[in-house]
Amino acid sequence: MATVISASLLSCDFSELGREINRAEQAGCDWIHFDVMDGVFVPNISFGEPLLKYVRKCAKGFVDTHLMITRPERYIEHYAKAGSDMITFHVEATDNPRAVVDKIHSLGKKAGIAVKPDTPVDDIESLIPAVENVLIMTVYPGFGGQSFIPATLKKVTEAREFIERIGLNTHVQVDGGINDQTAVLARAAGADVLVSGSYLFSAQNMAGAVYSLRDNDI
Ligand code: DX5
Ligand code: ZN
């Protein structure tokens, strides 16, 4: 299983946004990860649709939007039209996650379902067959630069085993505290998409940092 590296822009230098996106793509990042926070679902506000349009203009590859907002159903169309290739939302944020998945698909985009560290995989099992991406948060969402929570690895394995048991090829994504050390643990647990922000953007040699997140034995 090839590992996908997704660069979280939350930790980039916004005074050089276009260049930072190019730097990440040239360093070998497969996807650009765009974190939307509303100050309600998580205790922080980040950025939204107008910036996503600019990111879409600058990025050559896949744009992976992570919605950390309450009632994401209100904004799916906005974030689809602004240029997301995939939209991942939190199961804890909506009363009807299946309708949100269907809405994302009806707009021609890939859909992902995310869980916070305390939400069990059981809560999303019925949705997994309907999505392309399962995001297991490895920190409490809201901020870049936090430490990876090892107890979340069990859920990565549960999600991967469930997906294999029913023969799907859904991505299992991890987000939060991913660096060269924790990437090894996340990959061994079954993750194939690694989101990384502060580790990648603080690297002097980003290509080297991207390389260090991949499984280099194959
Ligand atoms: C956290 C965000 C992450 C964040 C990751 O709520 O969803 O995408 O940017 O940052 P690092 O890699 O620094 O933990
Ligand atoms: Zn994220």
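Residues of the range 13-56 that are buried (at least 21 other Cβ atoms within 10 Å of the Cβ), within 10 Å of ligand 1 (Cβ to nearest atom) and assigned to a loop (DSSP other than H, G, I, E, B): Val42 alone.
Being farther than 23 Å from Cys12 by Cα and touching a Phe, Trp or Tyr at 6+ places or on another chain (Cβ under 6 Å) holds for only one residue in Ala130, Ala111, Ala93, and it is Ala93. Restricting the first member to the range 130-141 and to residues that are of a type in the set (Gly, Ala, Ser), and the second to residues that are more than 12 Å from ligand 2 (Cβ to nearest atom) and part of a strand (DSSP E or B), the beta-carbon pairs closer than 8 Å and six or more apart or on different chains are Ala130/Ala111.
For the range 182-204, the set of residues classified as among the polar types (S, T, N, Q), in contact with a helix residue (DSSP H, G or I) (Cβ under 9 Å, 6 or more places away or on another chain) and more than 12 Å from Val4 (Cβ to Cβ) consists of Thr182, Ser198, Ser202, listed by residue number.
Among all residues of the range 148-161, there is none that is in contact (Cβ under 8 Å) with a residue 12 or more places away in the chain, in contact with a Phe, Trp or Tyr (Cβ under 7 Å, 6 or more places away or on another chain) and either hydroxyl-bearing (Ser, Thr, Tyr) or under 22 Å from Phe14 (Cβ atoms) (or both). Scanning the range 1-12 for residues that are among the hydroxyl-bearing types (Ser, Thr, Tyr) and part of a loop (DSSP other than H, G, I, E, B) yields a single hit, Thr3.
Every residue, every condition in (1) within 12 Å of ligand 2 (Cβ to nearest atom); (2) among the β-branched types (Val, Ile, Thr), yes or no:
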{"position": "Pro129", "(1), (2)": "no, no"}
{"position": "Leu135", "(1), (2)": "yes, no"}
{"position": "Tyr140", "(1), (2)": "yes, no"}
{"position": "Leu153", "(1), (2)": "no, no"}
{"position": "Val156", "(1), (2)": "no, yes"}
{"position": "Ala159", "(1), (2)": "no, no"}
{"position": "Asn169", "(1), (2)": "no, no"}
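Counting only residues that are in contact with a helix residue (DSSP H, G or I) (Cβ under 6 Å, 6 or more places away or on another chain) and in a loop (DSSP other than H, G, I, E, B), the range 92-113 holds 3 of them.
Here's the yes/no breakdown for (1) more than 16 Å from ligand 1 (Cβ to nearest atom); (2) charged (D, E, K, R); (3) in contact with a Gly (Cβ under 9 Å, 6 or more places away or on another chain):
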| residue | (1), (2), (3) |
| --- | --- |
| Phe162 | yes, no, no |
| Ile166 | yes, no, no |
| Ile178 | no, no, yes |
| Ala188 | yes, no, no |
| Ala191 | no, no, no |
| Tyr199 | no, no, yes |
| Gln204 | yes, no, no |
| Val210 | no, no, yes |
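The number of residues in the range 57-78 being closer than 25 Å to Arg19 by Cβ and within 14 Å of ligand 1 (Cβ to nearest atom) comes to 4. Within the range 28-40, one or more residues are more than 16 Å from ligand 2 (Cβ to nearest atom) and closer than 19 Å to Ser198 by Cα.
Looking only at residues of the range 130-140 that are surrounded by fewer than 23 Cβ atoms within 10 Å (Cβ to Cβ) and under 21 Å from Asp38 (Cβ atoms), we find that the one that is nearest to ligand 1 (Cβ to nearest atom) is Val139. Checking each residue of the range 24-37 against the condition of being of a type in the set (Gly, Ala, Ser) and on the phi > 0 side of the Ramachandran plot gives at least one match.
Read-outs: derived from the displayed coordinates by stated rules, not from any lab. As the structure is a computational prediction, the values presented were derived from the model and not from experiment. Note that we place each Cβ from the backbone using ideal geometry, even for glycine, and neighbour counts take in every protein chain shown.
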